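A short worksheet on the structure shown next.
The values are calculated or read from the model by the stated rules, or taken from the named source; none is laboratory data. Remember, predicted model here, so these are calculated numbers, not experimental data. Glycine also receives a Cβ, built like all others from the backbone with ideal geometry; neighbour counts cover every protein chain displayed. Side chains included, ligands, DNA and RNA excluded: accessible areas come from the protein's heavy atoms. Shrake-Rupley method; radii C 1.70, N 1.55, O 1.52, S 1.80 Å.
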Amino acid sequence: RYVPNGRKVYLENGVEAVSYRRKKKEIRRKPGDTAIHEAKHACVAEKKKTGSVRRASIVPGPGFLGITEMHFMTAAAAAAPDADHMHGTGHDVRIVEMMGVSLSAARSEARSIMAQCEDEIEETAYQLEEKKDMSGSEIRQAMRDGENRYEEVIFLRSPRGEVQEFVQQVTKVPILLS
């Protein structure tokens, strides 16, 4: 039987079930600003059009600290770090302007997309910080990993007051109790 997140449900035999969703507990070092910056470009691009990103790197080169290479560039993907008030976005802003798109509109669209994929951006940034250079397929895998960083916790309390805890990984599908 389905137990809605954050709700109390009484099962047939007097057992009370409560569930909630939480982020998996992981202790990791926070990724650097460059990894977060490039992850925002990559994730917004992939959300707009899957397969857009060729690679992302935080290995510095001549005139840049990191780079996201794309098969298909969108103004929202270019503006993503700037929309979040990050530093080092002058080149990104010039790209949006060269595309002939309103910077305000590109920022707005980027913010809307990023609000829906915060976990994917975070996981991509963590992995980019660790690997330094990632292919498009590695970025898409990191985004899937970010989507699946939650677990559902269900507490069952018997009529006698005994409590059992069950933890299950969540893949955005409700948990069913039989």
note = Residues in the range 105-139 that are open to solvent by 50 Å² or more (accessible area, probe 1.4 Å) and touching a strand residue (DSSP E or B) at 6+ places or on another chain (Cβ under 8 Å) total 2
key: Tabulated pairs, the range 73-91, first charged (D, E, K, R), second assigned to a loop (DSSP other than H, G, I, E, B), C-beta under 8 angstrom, 6+ apart or interchain   = D82/T89
request  = Give the residue, chosen from A42, A75, A79, that is within 28 Å of Y150 (Cβ to Cβ), at pLDDT 95 or above and crowded, with 22+ Cβ neighbours inside 10 Å.
outcome  = A42
message = I need a count of the residues in the range 1-26 that are farther than 17 Å from E120 by Cα and either modelled with pLDDT of 95 or more or open to solvent by 100 Å² or more (accessible area, probe 1.4 Å) (or both).
response = 7
ask   = Looking at (1) open to solvent by 90 Å² or more (accessible area, probe 1.4 Å); (2) farther than 21 Å from Y150 by Cβ; (3) acidic (D, E), which is the only condition E69 fails?
value = (1)
ask   = What number of residues within the range 46-66 are among the aliphatic types (A, V, I, L, M), over 15 Å from G32 (Cα atoms) and open to solvent by 90 Å² or more (accessible area, probe 1.4 Å)?
value = 0
task = Mind listing whichever residues of the range 90-135 are among the polar types (S, T, N, Q) and modelled with pLDDT under 95?
result = Q116
key: Residue within the range 93-103 that is closer than 15 Å to I121 by Cα and open to solvent by less than 70 Å² (accessible area, probe 1.4 Å) present   = no
inquiry  = Looking at the structure I just gave you, is R29 open to solvent by 50 Å² or more (accessible area, probe 1.4 Å), of a type outside the set (D, E) and under 16 Å from the mean Cα position of the chain (by Cα)?
reply    = no
task = Could you identify the single residue in R55, R22 that is more than 24 Å from K132 (Cα to Cα) and among the basic types (K, R)?
result = R22
request  = Scan the range 138-164 for residues that are farther than 14 Å from I121 by Cβ and touching a Lys or Arg at 6+ places or on another chain (Cβ under 9 Å) and report the count.
outcome  = 8
ask   = So, of the residues in the range 140-155 that are in contact with a Ser or Thr (Cβ under 8 Å, 6 or more places away or on another chain) and under 17 Å from V53 (Cβ atoms), which turns out to be surrounded by the most Cβ atoms within 10 Å (Cβ to Cβ)?
value = A142
Residue in the range 44-53 that is in contact with a Cys (Cβ under 7 Å, 6 or more places away or on another chain) and touching a residue at least 40 places away in the same chain (Cβ under 8 Å) present = yes
key: Unique residue being modelled with pLDDT under 95 and of a type in the set (V, I, T) when the list is T34, T50   = T50
task = State whether one or more residues within the range 106-117 are in contact with a Phe, Trp or Tyr (Cβ under 9 Å, 6 or more places away or on another chain) and of a type in the set (D, E).
result = no
